[in-house]
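Every number here is computed from the coordinates shown, using simple stated rules; none is lab data. Values in this document were obtained by computation on a predicted structure and should not be read as measured data. Counting neighbours? That spans all protein chains shown, and the Cβs are built from the backbone with ideal geometry, glycine included.
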Amino acid sequence: MKDIELSIELGIDLMKDIVAAGYSFLKEKNKERDFFGAATRKYITGLLERNSTIKVLTMREPQPLEKLYVRANILKDKITAETGLSAEELEQCFDLDRRTFGQVAETVDGERIVNQLQRFIVLGKPGAGKTTYLRYLTLMMIQPYSQIDKRKLPIFVTLREWADKKIKLMDFIVHQFDICGFEEARPFVERVLSNGDCIVLFDGLDEVSQEANQRDIIQEIIDFSDKYHTNQFVISCRVAAYNRWFERFFDVEMADFNDAQIEQFIQNWFHAEPSIGKECWEKLQKSPQLKELASVPLLLTLLCIVYNRSNNFPPNRANLYEEAIDALLRDWDATRRITRDEMYRQLSITRKKSMFARIAWGTFTENMYFVPERILTKQIEKYIENLPGFKPEELDVDSQAVLKSIEAQHGIFVERAKKVHSFAHLTFQEYFTAKYIVDNAREGTLEALVNEHLYDDKWKEVFLLVAGMLDSADELLLLMERKNNELLKVKKISALMFTAEQSLLKKESRYPEIVRKDMAVYIALARALDRALDRALDRARARTLALAPDLDLDRALVRDLALDLDLLEAYVKTTIISTDTAEKIANFLKAKVLIFDCLEHDAFVSKDIREKILYDRLMPEEGQA
């Protein structure tokens with residue numbers, strides 16, 4: 001409460017001269033009452049009440065915006081969707097390991113840009129933080145410690161509210177001042193605007209429906225900004241919904257959060273429990289898939305909410321991804337009571353997800369991360385042509401409109417360059433690919449997944465997601481195990497595997513399950529096929545030592561395992577392996593680890609199948625074949 005009162009006093013001090021200048025006409029009317037101080041207090045108080053807290057999604061209570069806010073960055077170069085790169089050129093910049101689309105772009109501080117541009121439009125993806133950014137700029141105008149060079153009286157216009165009232169823009173603004181207690185509000189507003197003492201922030205152009213006559217709204221903003229051209233004007237809009245209507249405005253785009261911003265946001269969120277915030281950030285860094293989502297402020301907020309529930313992220317990431325997708329498809333607009341125009345009303349949320357899944361499967365299978373618009377719209381067309389309400393002769397137009405609606409309203413797809421699109425996150429493409437496989441399991445998708453992609457590193461996350469999404473992962477895991485065991489028909493592979501198992505498990509009554517499951521020796525063997533054998537064995541030993549305290553292993557058992565690894569190292573070094581056999585061994589071990597990872601990721605597996613996978617071993621005669 002003291003902070004609010006202090007902010008009010010500081011804001012009044014900064015705005016009193018502007019308000020006094022706006023009320024100078026009262027002296028001309030021989031009015032001697034000096035009430036602008038009281039009016040300023042009411043207006044500043046109203047600004048703080050409306051903009052100083054934030055509450056989104058399932059947050060239990062509003063949070064102070066300034067304490068939670070992380071400074072926004074604005075892309076320094078042209079709008080992403082306006083770059084002329086081809087799909088092939090974008091592929092060259094794509095880093096699968098780092099899960100990054102494109103190169104890291106240079107940015108400028110979002111607060112400082114107000115000092116550089118008089119008129120600009122803030123573009124961004126759904127959930128990028130555009131409204132929060134405008135609200136933060138509003139607060140910074142009345143805060144003395146901000147980086148704003150020239151203070152102006154903030155006028156915040158929520159465009160959806162104005163459009164719904166169906167009144168003139170000046171009438172709407174005057175009403176905002178009138179309800180704050182400004183006497184003779186109209187002449188005051190006209191005077192401060194004529195003096196060029198205001199910054200007018202128009203929030204949410206994309207939220208104005210066609211039914212509210214968007215064209216007239218846009219024209220009135222243009223006329224208003226031209227009439228009062230000495231003021232400062234800022235507009236926010238989703239990038240995919242913008243059609244370059246404002247010729248005299250500079251277009252800027254909000255950048256995704258970088259690592260420093262993600263970490264700062266988490267620290268701000270858990271400011272009352274800094275140790276929890278530190279743990280959250282550390283665990284997020286260990287999951288490239290979740291960290292990828294964290295680049296979007298809305299989804300990072302969701303991750304913090306989820307982590308706050310149990311001080312951890314759920315082992316089954318599929319459920320978390322579904323919650324993130326629902327936040328974009330439904331919850332984000334619903335919490336703000338926004339109803340958007342839809343060019344594809346015939347598609348329910350379930351149908352939309354089904355269409356995304358079909359597109360993801362088709363593109364991911366073909367190693368397509370960046371899709372030319374003509375191909376993407378054709379895939380949309382193939383899906384919607386079977387739905388009621390779409391006329392065959394209008395399918396081409398409809399598919400274009402559907403794509404634009406998906407990007408503008410939901411942000412599932414993003415235009416990465418002119419007429420080149422991708423899923424907003426590789427995580428989304430993997431999730432929907434997995435969804436397609438699960439939804440179409442009766443059509444043989446599980447068999448196709450295992451037979452064609454078991455040894456492909458790119459499909460690891462899809463396997464984990466499929467295992468977590470299936471009602472029962474028994475069939476999938478048995479398919480993986482059978483496919484992988486085919487490699488044991490190679491004599492040297494079966495001999496090595498038998499030796500490895502005997503070395504690790506000869507004291508099996510003393511070794512706990514997690515040591516077997518961790519496959520320390522298997523991983524060491526896989527590494528033994530390159531020049532990193534010593535380092536791999538060191539890691540295996542270190543892993544065991546790290547587990548020892550948690551598992552309550554005695555030192556003798558740890559020492560025995562270290563000796564087993566040493567004996568195995570000597571065996572491997574004396575074994576001659578061809579390049580083809582080495583690759584098969586590596587694949588076998590990689591698939592073994594993947595199978596165990598599926599068990600760890602909260603997949604539902606029956607007890608019999610779980611025990612078969614964990615405890616079944618090679619028979620001696622197989623190992624000696």
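Some points to look at:
- 3J(HN,Hα) couplings calculated from phi for the range 466-480 with the Karplus curve 6.51 cos²θ - 1.76 cosθ + 1.60 (θ = phi - 60°) are, in sequence order, 4, 4, x, 8, 5, 4, 9, 8, 4, 4, 4, 5, 5, 4, 5 Hz; Gly and Pro show x.
- Across the range 248-258, computed HN-Hα scalar couplings (Karplus, 6.51 cos²θ - 1.76 cosθ + 1.60, θ = phi - 60°) run 9, 9, 8, 8, 10, 10, 6, 7, 5, 5, 8 Hz from first to last residue, x flagging Gly and Pro.
- Remark on residue 251: its backbone amide H falls under 5 Å from those of 121, a criterion applied only to residues 5 or more positions apart or on other chains, H modelled at 1.01 Å from N.
- Taking other C-beta atoms within 10 Å as the exposure proxy, 114, 108 rank 108, 114 from fewest upward.
- Relative contact order for the range 259-335: 21 percent, from Cα pairs under 8 Å spaced at least 6 residues apart, divided by residue count.
- Other-chain or far-sequence residues with amide H under 5 Å of residue 53's (modelled H): 65
- Pairs over the 19 Å Cα-Cα cut-off, from the set 382/418; 435/460; 378/404; 42/227; 125/382; 67/130: 382/418; 42/227; 125/382.
- Under a 5 Å amide H cut-off, with hydrogens placed 1.01 Å from N, residue 153 pairs with 198, 199 among residues at least 5 apart or on other chains.
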